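Undergrad: The structure that follows is given in the form of structure tokens.
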Amino acid sequence: MSSLWTENIEMPEFPTLEKDIRTQVLIIGGGMAGVLCAYFLQQAGVDYCLLEKDRICQGVTGHTTAKITAQHGLIYEKSLQSMGQERAELFLKANLRAVENYKSLGRFLDCDMEETDSYLYSVRERRKLESEIQALGSLGFQADYTEDTELPFEVEGAIRFPRQAQFQPLKFAAGISKNLRIYEHSEVREMTEYFALTEKGSVAAEKIIIATHFPFINTRGSYYLKLYQNRSYVLACAYGKNLKGMYLEADNIGLSLRNYEDYLLIGGGGRSGKEKSNWDLLRDIAKEYFPEAKERYFWATQDCMSLDKRPYIGPYSKNTPDLFVATGFGKWGMTGSMLSAMILSDLVQEKNNEYSTVFSPSRNMLKPQLISNLGHALVGIGRIGGKRCSHMGCVLQWNKEEQTWECPCHGSRFSADGKVLDNPACDGLKKKHKK
């Protein structure tokens, strides 16, 4: 199982932290969000450093579908209803600005940046698409409605967002990170709001940004209740249909389609630790609709899902003014990463940011999904027997397909021999478990 993006790519290498240092801003986590935060801070002349426990952008960033778009499913009608006109307009504006920032940076990097249209289609729900496009119009965005697509199956309709983008994410990350102050193989073992300890060194900082996908500090912010994780699967097939646009299904498994060079990427997903769409389902879709396609790569990734489909970007909690977080990007990690850099680079400099209130982690979280997340956690923790997650003690489930232990409560994943693959767990399983 390997990602198309991680093959034949040379990422810059960075030293391990082997001394005690001081800095104005410490960034923990070297995915796209952390790297972009570092880039923005360097451009602003801010003293910073970034700590990554392994290599930069080899986790979720290296396993994305790499769509850069403000079209994140049927979200804007709901945003208008829940946030009101002013904040919903800011939400859309922020996502569109993130897309433009990528395109602007990509012009100067060898990253296969390509401007293309994005389509949200449905095979059965025309009414929902029509309502969404009306909401977009009221927010000042001109999206197009069409019943004609290049897809090899019939659809009820599709919403087109013009001039979105796609790229090779690791080429982009390699180019933008070359001169940044990054320490790899520097896992944070202990930390406070102003201090982080690694195996061979430490960092004292005035501000800290946690950009580790799922936040690992349980005593602040209640992210173990405000987030759940969703597992997604991707096939990269040679000789597949050459699509000019990027496509996302608004119903069923959320089928995702895009091209990169000679490959057709086919994706879809489900909740971590639960029954989920898998590669076999995607292979069935490929066989039915793209019979000429030949599978060359397959991979999976993990997405942190918020309660209201907006990322959590800002102060980690109400009581931690100098500790910040970037998480909950849903299945739109590229856009969420850029939003994080846009917002947090201002906040750590104590500047106002017009988008910050829209993405505040301390916003009202009394949503139906909160009760669902709490129920999953209580069931998982209360189960008798079984192997338990090192995060909060939920009983783990064995994933035969990927040969991993998975937590149905918060999405931590472990290898067969107990090594942490995906957080929020920080500690591995104490001993190897028989399946």
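Undergrad: Taking segment 49-80, which residues are assigned to a loop (DSSP other than H, G, I, E, B), within 15 Å of the chain's Cα centre (by Cα) and in contact (Cβ under 8 Å) with a residue 60 or more places away in the chain?
TA: We begin by selecting, within segment 49-80, every residue assigned to a loop (DSSP other than H, G, I, E, B); these are 52-60, 64-66, 69-75.
Now drop any that are not within 15 Å of the chain's Cα centre (by Cα), which leaves 56-60, 64-66, 69-73.
Residues satisfying the conditions are 56, 57, 59, 60, 64, 65, 66, 69, 70, 71, 72, 73.
Undergrad: Identify, please: which residue in segment 108-126 is at pLDDT 95 or above and open to solvent by 20 Å² or more (accessible area, probe 1.4 Å) and is, among those, farthest from residue 96 (Cα to Cα)?
TA: Going through the qualifying residues, I end up with 110.
This table checks each residue for (1) more than 26 Å from residue 32 (Cβ to Cβ); (2) touching a strand residue (DSSP E or B) at 6+ places or on another chain (Cβ under 9 Å); (3) small (Gly, Ala, Ser).
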position: 122; (1), (2), (3): yes, yes, yes
position: 126; (1), (2), (3): yes, yes, no
position: 129; (1), (2), (3): yes, yes, no
position: 137; (1), (2), (3): yes, no, yes
position: 166; (1), (2), (3): no, yes, no
position: 171; (1), (2), (3): no, no, no
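Undergrad: Scan 203, 188 and give me the residue that is open to solvent by less than 20 Å² (accessible area, probe 1.4 Å), in contact with a strand residue (DSSP E or B) (Cβ under 6 Å, 6 or more places away or on another chain) and among the β-branched types (Val, Ile, Thr).
TA: Step by step, each of 203, 188 is checked, and only 203 is open to solvent by less than 20 Å² (accessible area, probe 1.4 Å), in contact with a strand residue (DSSP E or B) (Cβ under 6 Å, 6 or more places away or on another chain) and among the β-branched types (Val, Ile, Thr).
Undergrad: Hey, another quick one. For segment 225-243, how many residues meet the condition of being in contact (Cβ under 8 Å) with a residue 60 or more places away in the chain and part of a loop (DSSP other than H, G, I, E, B)? Give the derivation first.
TA: Our first condition is that a residue be in contact (Cβ under 8 Å) with a residue 60 or more places away in the chain; within segment 225-243, this holds for 225-236, 241, 243.
Cutting the leftovers down to part of a loop (DSSP other than H, G, I, E, B) gives us 227, 241, 243.
Number of matching residues: 3.
Undergrad: Condition (residue is in contact with a helix residue (DSSP H, G or I) (Cβ under 8 Å, 6 or more places away or on another chain) and among the acidic types (Asp, Glu)) applied to segment 302-309: is it met by at least one residue?
TA: yes
Undergrad: Counting only residues that are open to solvent by 60 Å² or more (accessible area, probe 1.4 Å) and modelled with pLDDT under 95, how many does segment 131-144 have?
TA: 1
The values are calculated or read from the model by the stated rules, or taken from the named source; none is laboratory data. Predicted model, so just to flag it, every value in this text is computed and none were measured. Please note: Cβ atoms are built from the backbone with ideal geometry, for glycine as well, and neighbour counts cover all protein chains shown. Each accessible area value is taken on the protein alone, full model and side chains, heavy atoms only, with ligands, DNA and RNA left out. Shrake-Rupley method; radii C 1.70, N 1.55, O 1.52, S 1.80 Å.
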